[in-house]
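S.K.: Got a structure here, written out as structure tokens. Questions coming.
The values are calculated or read from the model by the stated rules, or taken from the named source; none is laboratory data. Note that the structure is predicted; figures quoted are calculated from it, not measured. In this analysis, Cβ positions are derived from the backbone assuming ideal geometry, glycine residues included, and neighbour counts consider all displayed protein chains. Heads up: the accessible areas ignore ligands, DNA and RNA and are worked out on the full protein's heavy atoms, side chains in. Shrake-Rupley method; radii C 1.70, N 1.55, O 1.52, S 1.80 Å.
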Amino acid sequence: MKKITIDVSGMHCKSCEMLIKDALEDEVGVKNVDASHEKGTVIIEFDEKHVNVNKLKSIIKEEGFEV
């Protein structure tokens, strides 16, 4: 398992956090997600055999946020 922190702009509230968290957790290989609109970060624990960082960033962008 690998753990990364991605800086994300555009999160303003708990709903924004949940959008990102739900989208990432639907991806195969993602084990844990901790999004914080206050810090502007998303911490993701994932299995590199199933998903890579670029895919994770793409998922966040698809939800309407900047990475």
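S.K.: Take VAL67 and tell me if it is over 15 Å from LYS3 (Cα atoms) and either in contact with a Leu (Cβ under 6 Å, 6 or more places away or on another chain) or surrounded by 13 or more Cβ atoms within 10 Å (Cβ to Cβ) (or both).
M.R.: So VAL67 fits the description; yes.
S.K.: In segment 53-67, which residues are in contact with a strand residue (DSSP E or B) (Cβ under 8 Å, 6 or more places away or on another chain) and not in a loop (DSSP other than H, G, I, E, B)?
M.R.: VAL53, LEU56, LYS57, ILE60, GLU66
S.K.: Name the pairs whose Cβ atoms lie under 7 Å apart, with the first residue in segment 28-48 and at positive phi, the second assigned to a strand (DSSP E or B) and open to solvent by 50 Å² or more (accessible area, probe 1.4 Å), and 6 or more positions between them or separate chains?
M.R.: Within 7 Å, the pairs are GLY40/ASP7; GLY40/SER9.
S.K.: How many residues are open to solvent by 80 Å² or more (accessible area, probe 1.4 Å), among the charged types (D, E, K, R) and assigned to a loop (DSSP other than H, G, I, E, B) when one looks only at segment 16-38?
M.R.: Matching residues across segment 16-38 total 2.
S.K.: Looking only at segment 39-52, count how many residues are open to solvent by 40 Å² or more (accessible area, probe 1.4 Å), within 19 Å of SER9 (Cβ to Cβ) and in contact with a strand residue (DSSP E or B) (Cβ under 6 Å, 6 or more places away or on another chain).
M.R.: Total satisfying the criteria: 1.
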